[in-house]
Structure formats: C-alpha cells, structure tokens
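Since the structure comes first, as structure tokens, the remarks are kept for the end.
The values are calculated or read from the model by the stated rules, or taken from the named source; none is laboratory data. Given the structure is predicted, the values throughout are model-derived calculations rather than measurements. Every residue, glycine among them, receives a Cβ derived from its backbone with ideal geometry; neighbour counts consider all protein chains shown. Only protein heavy atoms, including side chains, enter the accessible area calculation; ligands, DNA and RNA are left aside. Shrake-Rupley method; radii C 1.70, N 1.55, O 1.52, S 1.80 Å.
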Amino acid sequence: MTAAAARRVLLVGKGPSARTALESLAERFTVVGVVRNARQRAGEQDEVQRRADELGVPVLADTSVTGLERALARYRPDAAVISSYDRILGARVLDRCVFVNVHYSPLPRYRGLAAVQWGIINGEPELGITVHAITKELDAGNILYQEKVTPGPHQTAEDIYGELNEIQRRVLGETVARHLDGYAGVPQDEAAATYACGRLPEDSEIDWSGPTDRIYRQVRAFHPSLSIPYPPAYSYLGTCRISITKAVPVQDAPPYAGRVPGRVVGRASPDGHVDVLTGDGVLRIHEVMTGDGVACPASAVIRSTRHTLGLRAGDLLAHIEALSRRSP
C-alpha cells in the first residue's frame, strides 16, 4: 500500500457529483465512507450507492451535521471531502480534520447554492469548478484548484454538470493529496466575491414579459433530469401547469407591435412546435410535460393560437366560480 493510499478520507456527497468524487478519491486514498442519504425511485439503484458497493466503501445514511460529526469521530479520517452538501459546518466539526470542498463555480463568484443554474440564467461566459479549503465563512477558503469551462449557447445544466463532473474525476484526488502534503492554496479575492440565492420550486415559473434569451436560458438551466433536483421551467395553460422541456428562440421573428407576452402565435402539428410571444421576441416550444411527467410535443397540449400562457386572473376567477357551482 502506498503512503497516499494509507491515508483515510471521508466523502460527503448528497448529490450526483459524489460518484466521480468517490472514483477520484479511491484512486489515491482509503475512502472510509460516503455520507449520503440516497433517494431512489422504485426499481432504481442510486449510482453512487452502486459504485460505493463495488469499491467496498460503506454508505452512511445520516447526512445531518450530527451524523457527520459521528462519522468523523468513528473513522478519524485524515481529510473530509465535500462534493454536494447543503449544511453549514461550525468550528467544532471543522477542527476534527482537514476539510476540502468542491464547488461548481469559478470562486469567488457565485458562492452558495445553484451556482451552475444561476450562471446559465445570467448568461455567464465562463462557468467552472473550484476545489478549496473550507473555513467557517461560506465558500471562502483558499483555492486549491480551479478550472473554467465555456458553456455552449444551447447547453443545459445537465451538460455543464457532466463536464464539471469529469474534471472532478480527473483532479480531485491529486488536489486533496497536494493539500495534505502541505500545499495551502491561493487566497480568494474577497472584493470580487458574489453570492447566489438558493433556488425554490416557484423560481422556475416563466415570466413571459422577459427577454427571449433569458427565458431560453431558464429552460436550459432547469432542463429536467433525475440528477438535478430542480423542477423544469414551467408556465400555466389556464390553471394547468405545464413544464417547458425543449425550446429555442425563433431567429428573425416577425415584429409584433401589438404584443401580449405569453400569447401563442403559431402552431405546427407535423413537428409539434408552438410559438409563444415573449417580451421582445418569440420562443418556439418543441416539448412539454404535464402533471403525469410524460414529455410530448407542445402542440399536443397547446391546441390553439387563442391561448395565452401564464397564470391569468380571468382563468383563476373562472376556476373559482366553477368550484363554487360544485359546492352543495
């Protein structure tokens, strides 16, 4: 056993990025456990759980701070590595061993949650991954490794996560080893720090009065995926919620001097798309999902150019009146 492999590492990973983190660390260290409470659909195995089983690494289901503290006391690792965790750690926990975090943004920009989603929504020319030492301040420790990526104009958050996961697989183990060998990293520029709000489900609702490009970025940022815990971008058809899963801005759209954002202005049954007015252009919706979670062509759900997407007062009043009439 090499000296590096003799060192013990505990991985904390609640999200899908924990798989490549585990694989990278296992190449250089003895991984004593993965702190992860895997949520599985019926008949499906969590891929991180499966990979941990293959590597003989126990999965520890208590992801609370108290549970993490118990794991640290039990295994006494040389380092704890975090790749997707949503709890703030105090000095009592951080003093137990070296802590390293993987953050999917080019720190010091976008400290906090949902950094990839916010980066896409805001049209950032660069996204990235940062491996950093952990301090008591949010995402503020010394940078041990950073690599930036340039998002393509049509890439989704799932695409970006895939790129960053592969970078993590390539560099994480080596970076943690360097840190344990004494490399302290480079301090962050506090003057350049920015922060990201956590995302709530209702944040995915589309405001059709906004610019076409921003709405398209919202669709890409919340593209539906089992590995991204955010609801897709959505709107309402009457009082029925529909998720927008595939769309693209219409280039050279005709000018509308009489513009009603959200109004359906075109349908094409052969390929199933629907054109919807935005604040400054037209978004072509190719695919939607309704409450059953099954994707279908947009024109199969949005059947008329008399429809206007978005929750409207008239639709709500009509729905309330209909419910009132049913009451005894």
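Quick notes
- Region 98-140: number of residues that are within 18 Å of E174 (Cα to Cα) and either part of a loop (DSSP other than H, G, I, E, B) or of a type in the set (A, V, I, L, M) (or both): 8
- Count of residues meeting criterion [open to solvent by 20 Å² or more (accessible area, probe 1.4 Å) and modelled with pLDDT under 95] in region 202-231: 10
Condition check ((1) outside any strand (DSSP E or B); (2) among the charged types (D, E, K, R); (3) without any contact (Cβ under 8 Å) to a residue 24 or more places away in the chain; (4) in contact with a Leu (Cβ under 8 Å, 6 or more places away or on another chain)) across all residues:
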{"position": "T66", "(1), (2), (3), (4)": "yes, no, yes, no"}
{"position": "E69", "(1), (2), (3), (4)": "yes, yes, no, no"}
{"position": "R74", "(1), (2), (3), (4)": "yes, yes, yes, no"}
{"position": "L89", "(1), (2), (3), (4)": "yes, no, no, yes"}
